[in-house]
1. Suppose we keep only residues that are closer than 20 Å to Val93 by Cα and touching an Asp or Glu at 6+ places or on another chain (Cβ under 8 Å) within the range 15-42. Which one would you say is surrounded by the fewest Cβ atoms within 10 Å (Cβ to Cβ)?
2. In the range 32-54, what count of residues is obtained for those that are under 15 Å from Arg75 (Cα atoms) and either in contact with a Pro (Cβ under 7 Å, 6 or more places away or on another chain) or without any contact (Cβ under 8 Å) to a residue 40 or more places away in the chain (or both)?
3. Please go through the range 62-87 and give me each residue that is of a type in the set (Lys, Arg) and in contact (Cβ under 8 Å) with a residue 24 or more places away in the chain, ordered by number.
4. Within the range 46-69, how many residues are touching a helix residue (DSSP H, G or I) at 6+ places or on another chain (Cβ under 9 Å) and at pLDDT below 90?
5. Using the structure shown, decide if Val93 is surrounded by fewer than 15 Cβ atoms within 10 Å (Cβ to Cβ) and either part of a helix (DSSP H, G or I) or not aromatic (Phe, Trp, Tyr) (or both).
6. Can you find, within the range 76-99, the residue that is farthest from Ile38 (Cα to Cα) among those that are modelled with pLDDT of 85 or more and among the β-branched types (Val, Ile, Thr)?
Amino acid sequence: METSTATISVIQVTAINAGRVLALADVELILDGVSLVIHGVQVRADASKTEITLPNYRAPDGSWKTAVTLPDDVRGPMADVVIAAAMEAGLLVERANATRLFHD
């Protein structure tokens, strides 16, 4: 089995306060030396949970589809980095009983 190196960093997190969507983040993934930037990663939160959602688009049939598909090995750590950046920016606060989720 081959292994790859991934570096994940948040370039910017911007508060938008649109319902449950608190912010949008621009995230840089460096996978085996190749830089990819994902714009519009959503930070969603309510009293019980925090969710990080990849950008979406509306398909021809009217349904919402994920614009980017990432492996689980990248999605989880990316969610942690985005949540940490949102906390550092003062957009999220740590709660002992909150659930952290990552949705496509």
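1. Of everything passing the filter in the range 15-42, Arg20 is surrounded by the fewest Cβ atoms within 10 Å (Cβ to Cβ).
2. 7
3. Going through the range 62-87, the residues of a type in the set (Lys, Arg) turn out to be 65, 75.
If the condition is that a residue be of a type in the set (Lys, Arg) and in contact (Cβ under 8 Å) with a residue 24 or more places away in the chain, then Arg75 is the only one that fits.
4. Kept after step one, since they are touching a helix residue (DSSP H, G or I) at 6+ places or on another chain (Cβ under 9 Å), are these residues of the range 46-69: 50-52, 54.
Going one step further and asking which of them are at pLDDT below 90, we end up with 50.
Count: 1.
5. Numbers: surrounded by fewer than 15 Cβ atoms within 10 Å (Cβ to Cβ): yes; either part of a helix (DSSP H, G or I) or not aromatic (Phe, Trp, Tyr) (or both): yes.
In short, yes.
6. Going residue by residue through the range 76-99, those that are modelled with pLDDT of 85 or more are 76-92.
So of that shortlist, the ones also among the β-branched types (Val, Ile, Thr) come out as 81-83.
Working: Val81: 13, Val82: 12, Ile83: 15 Å.
Top of the filtered list is Ile83.
The values are calculated or read from the model by the stated rules, or taken from the named source; none is laboratory data. This is a predicted model, so every value here is computed, not measured. All Cβ positions, glycine included, derive from the backbone under ideal geometry; neighbour counts span all protein chains shown.
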